[in-house]
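Chemist: Take a look at this one; I'll ask things after.
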Amino acid sequence: MTDYYWLGHVDTLASKPDNWSLTLGGGSQGSGWPLPPSAADNFFFGGYASVPCTWESSIIPMATIGSIQQSLTDPYVQLLTIDIDVELQGLILNGSITSTFTMNFTGTPTASLNDSTGKARYVLNGQFAKHSGGSNLTYQFSPPSNTVHMDNGPYNNILSDTNALTLAYNVPTSTVYDNSDNTTIHIKGTYQASSTGGFNRAIAPNASEDTKVSIKFDNASFTYQAVLLDFILATAYFRGIELPVTGTTTYGSSAGFTADHYGVIVFAATNGELTTMRNGLQLDCYSIDVKAGARLRVLANDGQPAIINSQSQPTIAGVWSFESMNSHTFTSPRSNPVTSVANGGTGRDSVDANNLLMGNAAGAMSALHTITPGTNGYVLTMVAGVPAWAASGGGGGGMTSFTVAGDSGSSQTITDGNTLTLVGGTGLSSVASATDTVTLNLDNTAVVAGAYTSADITVDAQGRLTSAANGSAGGGTIGGSITDNQIAVGATTANEIEGSGLFTFTSPNNITLTTGTTDNPTINLSKSTAALTMMVENNDELMLSDGVNDGTGTGTALRLSSTTYAASSTPAGQMKIGADHTGSNSPLLNLSNASGYLRLGVQNASFCHFYTDRSYFYFNRPIQFDGGGALYAYNDDLQIKTDDAASGQPTRIFIQGGVNDCRVGIGDFQVTSDEPVTELDVKGTIRQTASTSAVLVSDANGDIVSATNLADVAYVPAGSAGLDPFNAINPGNWAGPPPSSIDDAIERIATQLAIMGGPIP
């Protein structure tokens with residue numbers, strides 16, 4: 001998000017970067033934009049700029065931005081001209097604006113435009129907000145929901161789209177305006193609401209606040225396509241239009257129209273300007289006021305009367321053509337008033353002789369239609385969904401004709417007086433009985449009903465048996481004999497067993513394939529669209545064997561068993577066996593189950609490979625090597641680990657890879673960060689048990705360079721070699737427990753020196 005401040009450094013074009021500053025009170029940003037303006041960028045105007053601005057896209061696109069904001073405290077006194085359609089989320093207007101284009105307010109309204117209670121708005125109008133003469137700017141409101149409010153002040157043309165706005169109260173930006181806008185939402189141009197736009201309430205009315213709202217439609221062009229117009233508790237000003245009242249066909253859609261009013265004010269731009277109300281409709285409101293110079297009447301006096309119900313006494317300074325029925329109900333003049341359909345009447349003052357009343361879908365306030373009598377002998381029928389009279393088929397019935405059609409042949413028209421004959425076709429006969437029944441019978445053939453053995457049969461094109469006789473043992477018979485539950489396959493066709501059901505073989509029966517010496521016996525199982533499953537029921541075994549099925553013979557066998565082991569009581573999951581390979585490598589045997597996979601096989605000329613997706617290979621017995629017995633780490637260090645209770649799996653022996661000399665570490669060594677640095681690197685104590693009083697000598701690096709055995713060496717005699725005589729002093733015992741640290745030991749030694757008054761013996 002970037003903020004831009006108008007300077008007009010070189011001219012009036014908004015698309016030039018050097019006409020803007022990136023900071024309030026700063027200098028021109030230069031010849032290049034930080035980034036092309038976007039829906040997140042805000043553009044500010046204030047009294048610091050004395051140059052008018054023309055909003056266009058001649059240098060870079062300026063059609064999609066975040067907001068345009070004119071300072072409320074430091075007004076911009078120059079003219080802002082909008083020369084393109086702009087899409088944005090907010091506008092603060094506190095100066096003059098002119099345009100013939102559209103500002104489309106869409107998305108989430110700019111948060112800085114919310115009122116002090118957090119209610120969202122797209123437009124704020126300051127005290128000096130003004131649409132200059134000749135401006136035909138259109139505000140298109142496309143809010144994400146009907147919770148967006150309207151600020152007081154001037155508006156030009158409005159197109160309400162996507163979702164409705166709310167006329168609930170919000171704290172106005174200004175209560176005083178310099179351009180005769182009073183404290184109303186002042187729409188000076190045309191107003192148009194789409195089928196999803198208009199005005200609707202987001203929450204329940206607030207009686208203490210929503211009555212403060214006023215909206216004024218200055219223009220006689222008022223279009224409303226939504227089915228609901230809800231002013232909540234606002235007062236609405238109208239001039240020169242048909243009032244939007246529930247039931248009118250001028251507004252809304254085919255689904256109807258409902259208007260909720262509170263305060264209604266009719267005013268005029270010129271003396272005698274006419275505002276109308278549709279006949280037969282009823283306006284319910286809290287108050288109605290007809291201003292001086294304005295006229296209010298129904299469209300015509302020859303239809304249903306219009307009714308106005310006002311909770312308070314009307315204020316009539318102009319002219320209206322309504323008369324009082326009681327203190328709060330007023331009706332338009334009519335010689336023969338009737339009750340509307342909405343109030344339980346027909347809406348008609350008379351019905352001609354022999355006419356029928358019929359409901360009218362045009363509106364609840366419309367009069368019912370009438371159906372005039374038809375010609376003698378006609379019947380009332382439906383034509384295109386509307387009741388109408390039509391000629392009778394005679395005898396008081398209504399049939400004139402109908403059409404009969406078959407699977408083939410031409411359709412036939414059956415008219416009054418015709419006879420419809422149902423004729424039996426091949427193998428069928430028809431019989432008419434009583435007055436309304438035709439029975440179709442299946443004709444008999446020459447076949448005599450009965451049971452036939454090894455039957456010779458003949459079937460016609462309709463699938464009927466036309467002849468049947470007992471057969472002989474020849475023809476399709478099988479030589480020899482077969483027993484029960486056997487299937488024999490003839491040699492004259494393919495040697496197959498086919499069927500649509502299941503073949504069931506019950507123990508101890510087997511399926512045995514026997515072939516010649518050159519053929520391999522094969523059971524070919526195939527399925528075209530899905531996987532084929534071989535299932536073994538009752539926790540039994542599936543065995544593929546060459547004849548020895550107990551696991552002890554010399555033959556090979558594949559056995560998938562449900563046998564359990566250890567503490568488990570039931571088998572879990574499935575074992576899958578397959579062949580996998582990657583790229584051009586040789587295939588691997590893949591053993592997989594729900595826990596993971598094991599892939600094994602030869603992948604190249606040098607190695608046999610084992611792969612798994614688990615963290616470790618687990619062997620429950622010792623591992624013994626033959627054929628060299630080498631243990632080899634491929635391109636890596638060799639680590640020998642064991643478990644312990646503290647650290648889990650510490651490294652016990654570490655053999656470093658990647659160096660020419662052999663480096664072995666004994667102890668807890670880590671990869672890369674802590675490795676052996678010599679041929680043998682030991683963390684801990686080295687114990688030598690084959691020597692006596694051995695001395696190990698190490699260099700500055702800690703490397704052991706020699707080892708010797710200690711020998712007894714006599715003390716230097718007193719007075720020899722210039723040494724002081726040795727006088728043994730009993731230092732006494734250490735006070736307290738052994739030293740806890742080297743510092744404690746040094747402190748105790750120093751104390752002892754002080755006591756002895758001489759060197760340590």
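Chemist: Within segment 352-373, does at least one residue satisfy the condition of being modelled with pLDDT of 80 or more and among the acidic types (Asp, Glu)?
Modeler: Scanning segment 352-373 turns up at least one residue that is modelled with pLDDT of 80 or more and among the acidic types (Asp, Glu).
Chemist: Would segment 381-404 turn up any residue that is among the aliphatic types (A, V, I, L, M), more than 30 Å from Gly280 (Cα to Cα) and modelled with pLDDT of 85 or more?
Modeler: Checked against the condition, which is being among the aliphatic types (A, V, I, L, M), more than 30 Å from Gly280 (Cα to Cα) and modelled with pLDDT of 85 or more, segment 381-404 yields at least one hit.
Chemist: If you don't mind, another one. Being among the aliphatic types (A, V, I, L, M) and in contact (Cβ under 8 Å) with a residue 40 or more places away in the chain is the filter here; which residues of segment 78-87 pass it?
Modeler: Listed by number, the residues that qualify are Leu79, Ile82.
Chemist: Do any strands (runs of 3 or more DSSP E) lying entirely in segment 380-450 carry at least 2 residues that are aliphatic (A, V, I, L, M), and which ones are they?
Modeler: Counting at least 2 such residues, we get 386-391, 428-433, 437-442.
Chemist: Continuing with this model, one more query. Being more than 38 Å from the chain's Cα centre (by Cα), crowded, with 18+ Cβ neighbours inside 10 Å, in contact (Cβ under 8 Å) with a residue 24 or more places away in the chain and within 23 Å of Ala234 (Cβ to Cβ) narrows it down to one residue among Gly95, Gly126; which is it?
Modeler: Residue meeting the stated conditions: Gly126.
Chemist: Follow-up. Give the residue that is nearest to Val227 (Cα to Cα), with candidates limited to residues of segment 252-288 that are of a type in the set (Phe, Trp, Tyr) and under 44 Å from the mean Cα position of the chain (by Cα).
Modeler: Among residues in segment 252-288 that are of a type in the set (Phe, Trp, Tyr) and under 44 Å from the mean Cα position of the chain (by Cα), the one nearest to Val227 (Cα to Cα) is Phe257.
Chemist: Would you point out the residue of segment 162-171, among those that are surrounded by fewer than 21 Cβ atoms within 10 Å (Cβ to Cβ) and touching a residue at least 40 places away in the same chain (Cβ under 8 Å), that is farthest from Lys119 (Cα to Cα)?
Modeler: Restricting to residues being surrounded by fewer than 21 Cβ atoms within 10 Å (Cβ to Cβ) and touching a residue at least 40 places away in the same chain (Cβ under 8 Å), the top hit is Thr162.
Chemist: In this structure, does Phe101 turn out to be surrounded by 23 or more Cβ atoms within 10 Å (Cβ to Cβ) and aromatic (Phe, Trp, Tyr)?
Modeler: For Phe101, the condition - surrounded by 23 or more Cβ atoms within 10 Å (Cβ to Cβ) and aromatic (Phe, Trp, Tyr) - is not met.
Chemist: Restricting the first residue to segment 55-69 and requiring it to be without any contact (Cβ under 8 Å) to a residue 40 or more places away in the chain and more than 15 Å from Thr2 (Cβ to Cβ), which pairs with a second residue that is of a type in the set (A, V, I, L, M, F, W, C) and assigned to a strand (DSSP E or B) meet a Cβ separation below 8 Å and a spacing of at least six or different chains?
Modeler: So the pair list comes out as Ala63/Val86.
Chemist: So is Gln311 crowded, with 22+ Cβ neighbours inside 10 Å, in contact (Cβ under 8 Å) with a residue 24 or more places away in the chain and farther than 15 Å from Ala236 by Cα or not?
Modeler: No.
Chemist: In the set Ser433, Ser454, which member is of a type outside the set (Asp, Glu) and surrounded by 12 or more Cβ atoms within 10 Å (Cβ to Cβ)?
Modeler: Exactly one of Ser433, Ser454 is of a type outside the set (Asp, Glu) and surrounded by 12 or more Cβ atoms within 10 Å (Cβ to Cβ), namely Ser454.
Chemist: Does segment 151-185 hold any residues that are assigned to a strand (DSSP E or B) and under 14 Å from Leu124 (Cβ atoms), and which are they?
Modeler: Those that are assigned to a strand (DSSP E or B) and under 14 Å from Leu124 (Cβ atoms): Gly153, Pro154, Tyr155, Ile185.
Chemist: Ala300 - would you say it is surrounded by fewer than 16 Cβ atoms within 10 Å (Cβ to Cβ) and touching a residue at least 24 places away in the same chain (Cβ under 8 Å)?
Modeler: No, not satisfied.
Chemist: Using beta carbons and a limit of 6 Å, which pairs, at least six apart or on different chains, have the first residue in segment 437-457 and in contact (Cβ under 8 Å) with a residue 12 or more places away in the chain and within 19 Å of Gly425 (Cβ to Cβ) and the second one aliphatic (A, V, I, L, M) and part of a loop (DSSP other than H, G, I, E, B)?
Modeler: These pairs meet every condition: Val438/Leu422.
Chemist: Across segment 19-59, what is the number of residues that are acidic (Asp, Glu) and either touching a Pro at 6+ places or on another chain (Cβ under 9 Å) or over 24 Å from Glu87 (Cα atoms) (or both)?
Modeler: 0
Chemist: For segment 175-218: of the residues being among the hydrophobic types (A, V, I, L, M, F, W, C) and within 36 Å of the chain's Cα centre (by Cα), which is surrounded by the most Cβ atoms within 10 Å (Cβ to Cβ)?
Modeler: Phe199
Chemist: Would you mind finding the one in Tyr237, Tyr251 that is assigned to a loop (DSSP other than H, G, I, E, B) and either touching a strand residue (DSSP E or B) at 6+ places or on another chain (Cβ under 9 Å) or at pLDDT below 95 (or both)?
Modeler: Selected residue: Tyr251, the only one of Tyr237, Tyr251 that is assigned to a loop (DSSP other than H, G, I, E, B) and either touching a strand residue (DSSP E or B) at 6+ places or on another chain (Cβ under 9 Å) or at pLDDT below 95 (or both).
Chemist: Does Pro622 count as part of a loop (DSSP other than H, G, I, E, B), surrounded by 10 or more Cβ atoms within 10 Å (Cβ to Cβ), modelled with pLDDT of 80 or more and of a type outside the set (D, E, K, R)?
Modeler: No, not satisfied.
Chemist: Continuing with the same structure: Only one of (1) on the phi < 0 side of the Ramachandran plot; (2) surrounded by fewer than 21 Cβ atoms within 10 Å (Cβ to Cβ); (3) touching a residue at least 24 places away in the same chain (Cβ under 8 Å) fails for Gly256. Which number is that?
Modeler: For Gly256, the exception is condition (1).
The values are calculated or read from the model by the stated rules, or taken from the named source; none is laboratory data. If you're wondering where the values come from, they're calculated on a predicted model, not measured in any experiment. Note that each Cβ is placed from the backbone with ideal geometry, even for glycine, and that neighbours are counted across all protein chains shown.
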